[in-house]
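Pasting a structure below so you can have a look.
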Amino acid sequence: MTTVGRTDGLRFVAHAYSFPKDEDHPTEWEDGAGHYLGRGRGWFAVADGASSGFHVKEWAKRLVTGFVTRRLDSSVALQDLIDEEGERWSDTRDAPTREQVEQQWWQEAAPLRQDTAAAFVGAYVKATGPRTGIFRAFAVGDCCLMHVRESTLLMSFPLSSPEAFAQNPALVYSRPEKMPAGVEGIQLSSGQLRPGDMLILASDRLSQCLLWHSARSDGAVWEALRAVDRQSFETLVRALRTHGSLEVDDVTLLRIAVLAE
């Protein structure tokens, strides 16, 4: 998918790529990715469904779709979205058929049907002048945003090294009692943009892999991502898995090129 946002100043070009954990079952990809580009502004999001949740693909999609269609630009607005989607999830996950009402297993599984989770990263970008722009980023968990200038990684948010990835990261849950920190649990970052910059939003294992290669190369990984298309992305994922630096998992990449008009 390619989208271009035009303005009198900077313009943003977005490409989204994904690859499933199991190539034989591509529909079982459980991440979410989306973006919206207007005149001089853009919204981007990636969510990685937690494998232990219920219908995590749908939950990830709801978070991404809500962020980009509502065009959110604050942590308070993001928390409102999470709360509202959590309420809808609870309402729609527990509507049994007549046959299911009679089954004890349906009643016993009610808490599981209402429990799902995903890691999330979202970004809002805006052109502020002919050759300047800004971005704001919001994250819960270990999906990351990476800001690259030329061949140099300027920042990775919210995690900045491959060693920082944990077995049990923070997640966006459908049940509010599992997110007691509320809006305070949403991490924030921001930065300045100029022509030639690249933003990468990536799912957790791909983020970890990119940081590993970035620390061990002279920027070749970022040059490769600038040039990647759908076919070469799939080839790259297979090669990284064979190399062992990318764990077998669903992977998602959203690339935003920052260009002068």
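The values are calculated or read from the model by the stated rules, or taken from the named source; none is laboratory data. Just so you know, these numbers come straight off a predicted model, no measurement behind them. Counting neighbours? That spans all protein chains shown, and the Cβs are built from the backbone with ideal geometry, glycine included. Remember, those area values only see protein heavy atoms, side chains included, never the ligands or the DNA or RNA. Shrake-Rupley method; radii C 1.70, N 1.55, O 1.52, S 1.80 Å.
Residue by residue, here is whether (1) among the aliphatic types (A, V, I, L, M); (2) under 16 Å from VAL148 (Cα atoms); (3) without any contact (Cβ under 8 Å) to a residue 60 or more places away in the chain holds:
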position: MET179; (1), (2), (3): yes, no, no
position: ILE186; (1), (2), (3): yes, no, no
position: GLY191; (1), (2), (3): no, yes, yes
position: PRO195; (1), (2), (3): no, yes, no
position: ARG205; (1), (2), (3): no, no, yes
position: GLN208; (1), (2), (3): no, yes, no
position: ALA224; (1), (2), (3): yes, yes, yes
position: GLU234; (1), (2), (3): no, no, no
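Condition check ((1) under 21 Å from ARG88 (Cα atoms); (2) out of contact with any helix residue (DSSP H, G or I) (no Cβ under 6 Å at 6 or more places or on another chain); (3) open to solvent by 90 Å² or more (accessible area, probe 1.4 Å)) across all residues:
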| position | (1), (2), (3) |
| --- | --- |
| LEU153 | no, no, no |
| PRO158 | no, yes, no |
| ALA166 | no, yes, no |
| ARG175 | yes, yes, no |
| GLN187 | no, yes, no |
| GLN192 | no, yes, yes |
| GLY196 | no, yes, no |
| ILE200 | no, yes, no |
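Do we find a residue being over 15 Å from the mean Cα position of the chain (by Cα), buried (at least 17 other Cβ atoms within 10 Å of the Cβ) and either modelled with pLDDT of 85 or more or part of a helix (DSSP H, G or I) (or both) anywhere in the stretch 27-34? Write out each step before concluding.
First, pick out the residues of the stretch 27-34 that are over 15 Å from the mean Cα position of the chain (by Cα): 27-28.
Then keep just the ones that are buried (at least 17 other Cβ atoms within 10 Å of the Cβ); that gives none.
No - not one qualifying residue is present in the stretch 27-34.
From PHE54, PHE67, PHE19, grab the single residue that is at pLDDT 95 or above and either of a type in the set (A, V, I, L, M, F, W, C) or open to solvent by less than 50 Å² (accessible area, probe 1.4 Å) (or both). First the steps, then the outcome.
Working: PHE54 fails: at pLDDT 95 or above; PHE19 fails: at pLDDT 95 or above.
Going through PHE54, PHE67, PHE19 in turn, just one is at pLDDT 95 or above and either of a type in the set (A, V, I, L, M, F, W, C) or open to solvent by less than 50 Å² (accessible area, probe 1.4 Å) (or both): PHE67.
Quick one: which residue in SER203, SER214, SER245, SER232 is within 27 Å of HIS25 (Cβ to Cβ) and touching a Phe, Trp or Tyr at 6+ places or on another chain (Cβ under 8 Å)? Show your work before the answer.
On the way: SER203 fails: touching a Phe, Trp or Tyr at 6+ places or on another chain (Cβ under 8 Å); SER214 fails: within 27 Å of HIS25 (Cβ to Cβ); SER232 fails: touching a Phe, Trp or Tyr at 6+ places or on another chain (Cβ under 8 Å).
Unique residue meeting the criteria: SER245.
Test each condition in (1) under 30 Å from VAL237 (Cβ atoms); (2) surrounded by 13 or more Cβ atoms within 10 Å (Cβ to Cβ); (3) at pLDDT 90 or above for THR3 and report the one that comes out false.
Result: THR3 passes all but (3).
Just one of (1) at pLDDT 95 or above; (2) under 30 Å from ARG131 (Cα atoms); (3) not polar (S, T, N, Q) trips up GLY38, so point out which.
Checking GLY38 against (1) at pLDDT 95 or above; (2) under 30 Å from ARG131 (Cα atoms); (3) not polar (S, T, N, Q), the one that fails is (1).
Quick one: in the stretch 233-250, which of the residues that are of a type in the set (Gly, Ala, Ser) and open to solvent by 50 Å² or more (accessible area, probe 1.4 Å) is farthest from GLY141 (Cα to Cα)? I'd like the intermediate steps shown before the answer.
Filtering the stretch 233-250 for residues of a type in the set (Gly, Ala, Ser) gives 239, 244-245.
If we keep only those that are open to solvent by 50 Å² or more (accessible area, probe 1.4 Å) as well, we get 239, 244.
Details: ALA239: 26, GLY244: 23 Å.
Checked the stretch 233-250; the qualifying residue farthest from GLY141 (Cα to Cα) is ALA239.
Okay, moving on. Tell me whether the stretch 132-148 contains one or more residues that are modelled with pLDDT under 95, farther than 25 Å from VAL251 by Cβ and over 15 Å from the mean Cα position of the chain (by Cα).
Among the residues of the stretch 132-148, not one is modelled with pLDDT under 95, farther than 25 Å from VAL251 by Cβ and over 15 Å from the mean Cα position of the chain (by Cα), which makes the answer no.
State all residues of the stretch 207-232 that are open to solvent by less than 10 Å² (accessible area, probe 1.4 Å) and either part of a strand (DSSP E or B) or of a type in the set (Ser, Thr, Tyr) (or both); if no residue qualifies, say none.
Scanning the stretch 207-232 gives a single hit, SER207.
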